[in-house]
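> Below is the structure I would like to discuss, written out as structure tokens.
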2 protein chains.
Amino acid sequence: VTGPESGILTSPVECVPSPLPTQAAGVWLFPDGFERLVADIRTAIDALGDSEGFTRLSGPPVISRETIERAGYAAGFPHLLGTVHRFADDDKAWRELRHDATSQGEWHRQQQITDVVLAPAACFHVFAQAAGAAIGVPVRFAVESYCYRHEATSEPGRLRSFRMKEFVFLGTAEECVAWRERWLHTAEDWLRDLGLPVRIEAASDPFFGTEGRLLKRVQAQQQLKWELTVPTGDDPGQAVASANYHMHHFGKAFGIRGPDGQPVHSACTGFGLERIALAVLRGPNR
Amino acid sequence: VTGPESGILTSPVECVPSPLPTQAAGVWLFPDGFERLVADIRTAIDALGDSEGFTRLSGPPVISRETIERAGYAAGFPHLLGTVHRFADDDKAWRELRHDATSQGEWHRQQQITDVVLAPAACFHVFAQAAGAAIGVPVRFAVESYCYRHEATSEPGRLRSFRMKEFVFLGTAEECVAWRERWLHTAEDWLRDLGLPVRIEAASDPFFGTEGRLLKRVQAQQQLKWELTVPTGDDPGQAVASANYHMHHFGKAFGIRGPDGQPVHSACTGFGLERIALAVLRGPNR
């Protein structure tokens, strides 16, 4: 067995160890060899964007809760969003709870929400940084972070905690549509070159919240979210990347304005690093 | 101005960008140049451990809640621990909450705790993997993950979300004490070579929970936790690394037994990657 002709695999495919399961379904540990494959995939994605002069950022796995509220994610995806809580009362109150601080105990019944949540996507770090800015367009960012989504199922590849690398573009509507179109095909070609039988599919989930309804209507003419999917044993098409056009949703939500004083439009291309690694290891015929 | 004679800085110190603040105090974004310094520090720490044959793992920023409960961290550090919650009720219930899903809204009043928390230290990933095992000793792991601690203050270097690299050793009491002693000085020498005016200080915080009282008494003869500190503008000694001996605390908590059938002892050496990077950028005289 040889690996796909991707140039990404530095070891034979059968020598790359798989992620290790943990007690929490969908949460995995990454052995060194798998981690090196992820690093190689990251490097290859960076290289795809080299000529475009992205400003590169790395985000932590948590993000300001207010950012996610403004983005509309809390309203739209409450089941997936992980909010961070802690015990905020005094030592005296804790002395009454702490004897319950075992696996079955209800020590957490007084937890209070904090000012951070787990980042559901890497691009939110960028929109938060650009909030309130009047920018010369187009502006380009490359951003990576660990993301969390509280998925209900945990089949292979359904990671709840995973790394996402995104290219983010802020500009006019026309620029965003053209940029997104180009990146959709750049990503498709790259994934094909990795030996992955990738398909482009229209994503059916609307964007955010009430505005989702509006956006859904727009999708008839102007598809907002394309997913690049690879079949797995369990799933006819699991998304490994996506190319998205947000219209002026984030420009409006974060008060980011272009030279004309209007909310900027935005687009992004996202890559799921572990999912791509797992698809590469599975190979085209597995 | 030239950088410290560390060999770690690939650019002049004044060319390495600082982390960018976000809306959440103590939560920072990392520009590319800073990220490359972190990567160089990681590589240098890995090299320190090269001869010892550590099994290398990378952990996600979340970890099974039960793991942290078993470890005693929930009982001992409830103010620092970030628990992950989400909305677990049905769509009908959400329709009544979602109009509150704004920055000031109380949309989160029905959040329920999940089965994961934010990892407070990287070594817990290792203890969870080894749980229930009968092992040949000594066993060595190198593990890195994003960690979270809900620190009350947010002076420079007080990151709530940060990366920690740890070497973890499981063995007999004598082996652990000797290993910890050796790594304390390996870490000290390495940090000095980076140009950092590091000092070794006995950590005053006890280990976990009720057992903390026991361990505190032991500290008189056998210091359990040493910190390697560097003075900053605001702080006479901020820890950038630590060397710890846990006795059989984790062996007992996780049912990890040695060849004699008794709970193994453990030790670890932890490095705070961003804190070391910030100290290197500050330089010895800043």
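> Please go through segment A:45-59 and give me each residue that is more than 7 Å from chain B (Cβ to nearest Cβ) and either in a helix (DSSP H, G or I) or crowded, with 24+ Cβ neighbours inside 10 Å (or both), ordered by number.
A:I45, A:D46, A:A47, A:L48, A:D50, A:S51, A:E52
> Step by step: first the residues of segment B:20-40, then only those that are in a loop (DSSP other than H, G, I, E, B) and surrounded by fewer than 18 Cβ atoms within 10 Å (Cβ to Cβ), then the one that is farthest from the other protein chains (Cβ to nearest Cβ). Which residue is that?
Per the stated criteria, the residue is B:A25.
> Additional query: Within segment B:132-156, take every residue that is open to solvent by less than 30 Å² (accessible area, probe 1.4 Å) and not hydrophobic (A, V, I, L, M, F, W, C) and give me the one that is farthest from B:F169 (Cα to Cα).
B:H150
> Select from segment B:91-119 the residues that are closer than 17 Å to B:A74 by Cβ and more than 8 Å from chain A (Cβ to nearest Cβ) and write down the one among them that is most open to solvent (accessible area, probe 1.4 Å).
Looking at the filtered set, the residue picked out is B:Q112.
> Could you count how many residues in segment A:124-143 are more than 9 Å from chain B (Cβ to nearest Cβ) and in contact with a helix residue (DSSP H, G or I) (Cβ under 8 Å, 6 or more places away or on another chain)?
Matching residues across segment A:124-143 total 7.
> Please determine whether any residue of segment A:68-84 is more than 16 Å from A:G270 (Cβ to Cβ), in contact with an Asp or Glu (Cβ under 8 Å, 6 or more places away or on another chain) and modelled with pLDDT of 95 or more.
No, that holds for no residue.
> For a quick check of your reading of the model, give me the residue pairs whose first member lies in segment A:60-79 and is more than 7 Å from chain B (Cβ to nearest Cβ) and open to solvent by 20 Å² or more (accessible area, probe 1.4 Å), whose second is acidic (D, E) and outside any loop (DSSP other than H, G, I, E, B), with beta-carbon atoms closer than 7 Å and at least 6 apart or on different chains.
Filtered contacts from segment A:60-79: A:R65/A:D115.
> Further, regarding this structure: Under the condition of being more than 30 Å from B:P21 (Cα to Cα) and of a type in the set (G, A, S), which residue from segment B:158-203 is surrounded by the most Cβ atoms within 10 Å (Cβ to Cβ)?
B:G171
> Let me ask something else. Return the only residue of A:G270, A:G251, A:G255 being modelled with pLDDT of 95 or more, in contact with a Lys or Arg (Cβ under 8 Å, 6 or more places away or on another chain), of a type outside the set (A, V, I, L, M, F, W, C) and not in a strand (DSSP E or B).
Exactly one residue qualifies, and that residue is A:G251.
> To continue, here is another question. Go through segment A:80-90 and give me each residue that's in a loop (DSSP other than H, G, I, E, B) and either more than 7 Å from chain B (Cβ to nearest Cβ) or open to solvent by 10 Å² or more (accessible area, probe 1.4 Å) (or both).
A:L80, A:A88, A:D89, A:D90
> Something else now. Considering only residues of segment A:1-19 that are open to solvent by 50 Å² or more (accessible area, probe 1.4 Å) and among the hydroxyl-bearing types (S, T, Y), which is modelled with the highest pLDDT?
A:S18
> Just one of the numbered conditions (1) in contact (Cβ under 8 Å) with a residue 60 or more places away in the chain; (2) within 24 Å of the chain's Cα centre (by Cα) is not true of B:A134; which one?
(2)
> Which ones in segment B:220-245 are open to solvent by 10 Å² or more (accessible area, probe 1.4 Å) and in a loop (DSSP other than H, G, I, E, B)?
Passing the criteria: B:A220, B:Q221, B:Q222, B:Q223, B:P231, B:T232, B:G233, B:D234, B:D235, B:P236, B:G237.
The values are calculated or read from the model by the stated rules, or taken from the named source; none is laboratory data. On a predicted model such as this, the values are computed, not experimentally measured, just so you know. Every residue, glycine among them, receives a Cβ derived from its backbone with ideal geometry; neighbour counts consider all protein chains shown. The area values use the complete protein model at the heavy-atom level, side chains included, leaving out ligands, DNA and RNA. Shrake-Rupley method; radii C 1.70, N 1.55, O 1.52, S 1.80 Å.
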